[in-house]
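Here the structure is laid out as structure tokens; the discussion comes afterwards.
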Amino acid sequence: MTDGTQPGASLADTPGRLGRDAVVIGGGLAGITAALALADAGVRVTLLEGRPRLGGLAFSFQRDGLTVDNGQHVYLRCCTAYRWFLDRIEGAALAPLQDRLDVPVLDVARPEGRRLGRLRRDALPVPLHLGRSLATYPHLSLAERARVGRAALALKGLDLADPNLDTQDFGSWLTAHGQSARAVEALWDLVGVATLNAVAGECSLGLAAMVFKTGLLSDPGAADIGWARVPLGDLHDRLARKALDSAGVRTEIRTRVTSISTDDNGTWSVQVPGETLRADAVVLAVPQREAHDLLPAGALDAPERLLEIGTAPILNVHVVYDRKVLGRPFFAALGTPVQWVFDRTEASGLHQGQYLALSQSAAQDEIDEPVAALRERYLPELERLLPRARGAEVKDFFVTRERTATFAPTPGVGRLRPGARTKASGLYLAGAWTATGWPATMESAVRSGVSAADAVLGALGRPRPRHLFEFEEAA
Ligand SMILES: Cc1cc2nc3c(=O)[nH]c(=O)nc-3n(C[C@H](O)[C@H](O)[C@H](O)COP(=O)(O)OP(=O)(O)OC[C@H]3O[C@@H](n4cnc5c(N)ncnc54)[C@H](O)[C@@H]3O)c2cc1C
């Protein structure tokens, strides 16, 4: 952007024209979604992103000839908004779903040695689709499996619209419903830590119930897992940028917004270094702390609540071996600090050997540990899990740390999450942390972007694009 010029059409340039200029601040999935939805509805959109790329928290970078994701990302078939997004950017084929949920779960803490179990589904109606898998799940006793079944049915009966659920913690609820520490570790946390980024005891019952009900107890295929077979940047930066360009969105990267304000006529001014952009509507799609700092006075009743939303880290451990040590695309682990392991060889462009990414959620205890300490911990653990790693040479070992990967899904967080509308006319919020009902996920980000776009379109009196993601009716 050239200093001092207006980056797009502005109200100041064309007085009297029907207002339909929007500025979207933040080029993560929420902002990209809002920008696409608005442009598809005929709004003139400028998207401003402070970093040199789009994609926000889900991105890729280059390292010694490899394309590395900052963190392994997965989604589920029930993530209908993110799937809409993938379709919209023509990326669905690059991040396909499993035909049927199938998660290998390797336990290395057994006296008799490594043991492989599987969480998979059958082609039966809910909840029978998981019945056989649960009945044969070797990491729980018979009694534990029966109690898991009963707790799942109790979970299915919870009313997600009940605000009291958010005040309780999931761990206490599981204990009250007969779940042993082992059942929590080998099943509830195995899924919950990866999807919610918190252990059950530190997680809102409302958010946990939402995840388990939607993923495991709604539609038989709801928990089928999808993940990018290409670097995340191919989807969230390259393809997203292409879709934005063809939709007519003006996208400016390396453009950090320093302040926003409105005048008496309701025209918004968005300040970036060397320039002011004007707009009829602004979507603030930045993390909650940045949103707090940019919000004009009076835009929210209790803006300090945004600062009360905690954050939770995710650590990724990356290991490049000189040979193939893992024969599956991914697995989850028990009895070891290792959580989920993905084969990223092909996606990263590695031609020789194998590249594994370990996704370590709720990593508060490890996020600041030196690489050497993590190496000393994780390489022997991988050798326990993968016998073929024992004789293999480690060509590279590095870590990526996302200290504020997600908002912390603690009990009570629900009341801190604002919706898309603010009290300032023409100013809207988006971001995975806003009140979508979902934990901090790509799904939540996309949903928030659609909600913000819907609110803008309503205010500008413009029809919703026909192919925009439709929110499902509440049951
Ligand atoms: C390691 C890791 C693993 C994860 N795993 C999963 C997973 O498996 N599945 C899943 O669904 N989700 C996962 N997530 C969460 C998911 O990535 C996020 O919830 C989602 O990407 C958030 O998108 P967003 O648009 O709401 O926010 P962000 O991605 O944070 O985007 C906000 C953007 O705003 C920009 N910005 C901030 N301030 C300004 C400013 N002043 N001016 C201009 N731009 C600004 C930022 O640079 C950023 O690009 C993971 C996250 C991490 C970090």
| task | Could you identify the single residue in ASP245, ASP219 that is modelled with pLDDT under 95 and of a type in the set (Asp, Glu)? | result | ASP219
| How do the pairs read when you match residues in the range 385-407 that are among the acidic types (Asp, Glu) with residues anywhere that are part of a strand (DSSP E or B), using Cβ under 6 Å and keeping only pairs 6 or more apart or on different chains? | ASP396/VAL320; GLU402/ILE314
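Here is a yes/no grid of residues against (1) under 25 Å from ASP454 (Cβ atoms); (2) under 16 Å from the mean Cα position of the chain (by Cα); (3) crowded, with 20+ Cβ neighbours inside 10 Å; (4) more than 15 Å from the ligand (Cβ to nearest atom):
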| residue | (1), (2), (3), (4) |
| --- | --- |
| LEU57 | yes, yes, yes, no |
| ARG63 | no, no, no, yes |
| ASP69 | no, yes, yes, no |
| GLN72 | no, yes, yes, no |
| PHE85 | yes, yes, yes, no |
| GLU90 | yes, no, no, yes |
| ALA93 | no, no, no, yes |
| remark: Result of the Cβ filter at 6 Å on the range 135-160, keeping first residues that are under 17 Å from LEU205 (Cβ atoms) and partners that are surrounded by fewer than 17 Cβ atoms within 10 Å (Cβ to Cβ), at least 6 apart or interchain, is ALA151/HIS177; ALA154/HIS177
| In the range 370-380, is there at least one residue being surrounded by fewer than 19 Cβ atoms within 10 Å (Cβ to Cβ), at pLDDT 95 or above, of a type in the set (D, E, K, R) and touching an Asp or Glu at 6+ places or on another chain (Cβ under 7 Å)? | no
| task | Please identify the pairs in which a residue from the range 461-473 that is in contact (Cβ under 8 Å) with a residue 12 or more places away in the chain has its Cβ atom under 8 Å from the Cβ atom of a residue that is part of a loop (DSSP other than H, G, I, E, B), counting only partners at least 6 apart or on another chain. | result | ARG462/ARG20; ARG462/ALA41; ARG462/GLY42; ARG462/VAL43; PRO463/ALA41; ARG464/ALA41; PRO465/ALA41; LEU468/ALA41
| Residue check: is ARG278 assigned by TED's automatic domain parsing to the domain that holds LEU38 and either part of a strand (DSSP E or B) or of a type in the set (Ser, Thr, Tyr) (or both)? | yes
| So, of the residues in the range 433-457 that are hydrophobic (A, V, I, L, M, F, W, C) and in contact with a strand residue (DSSP E or B) (Cβ under 7 Å, 6 or more places away or on another chain), which turns out to be surrounded by the fewest Cβ atoms within 10 Å (Cβ to Cβ)? | ALA455
| message | Can you pull out every residue in the range 217-235 that is closer than 20 Å to ALA194 by Cβ, among the small types (Gly, Ala, Ser) and buried (at least 20 other Cβ atoms within 10 Å of the Cβ)? | response | ALA222, ALA223, ALA228
| query | Can you name the number of the only condition in (1) touching a strand residue (DSSP E or B) at 6+ places or on another chain (Cβ under 9 Å); (2) surrounded by fewer than 22 Cβ atoms within 10 Å (Cβ to Cβ) that ALA347 fails? | reply | (2)
| said: Could you go through the range 39-47 and let me know if any residue there is within 16 Å of the ligand (Cβ to nearest atom), in a strand (DSSP E or B), among the aliphatic types (A, V, I, L, M) and in the same structural domain as ALA281 (by TED's automatic domain parsing). | reply: yes
| task | Output the residue which, of all residues in the range 387-400 that are surrounded by fewer than 19 Cβ atoms within 10 Å (Cβ to Cβ) and within 16 Å of the ligand (Cβ to nearest atom), is farthest from VAL199 (Cα to Cα). | result | PHE398
| task | Hey, can you tell me all the residues within the range 425-472 that are assigned to a helix (DSSP H, G or I) and β-branched (Val, Ile, Thr)? | result | VAL446, VAL450, VAL456
| Sole exception among (1) outside the structural domain of ALA37 (by TED's automatic domain parsing); (2) away from the ligand (no atom under 15 Å from the Cβ); (3) of a type outside the set (Lys, Arg) for ALA243, by number | (1)
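The values are calculated or read from the model by the stated rules, or taken from the named source; none is laboratory data. Remember, predicted model here, so these are calculated numbers, not experimental data. Don't worry about glycine lacking a Cβ; one is built from the backbone with ideal geometry, like all the others, and counts go over all protein chains shown.
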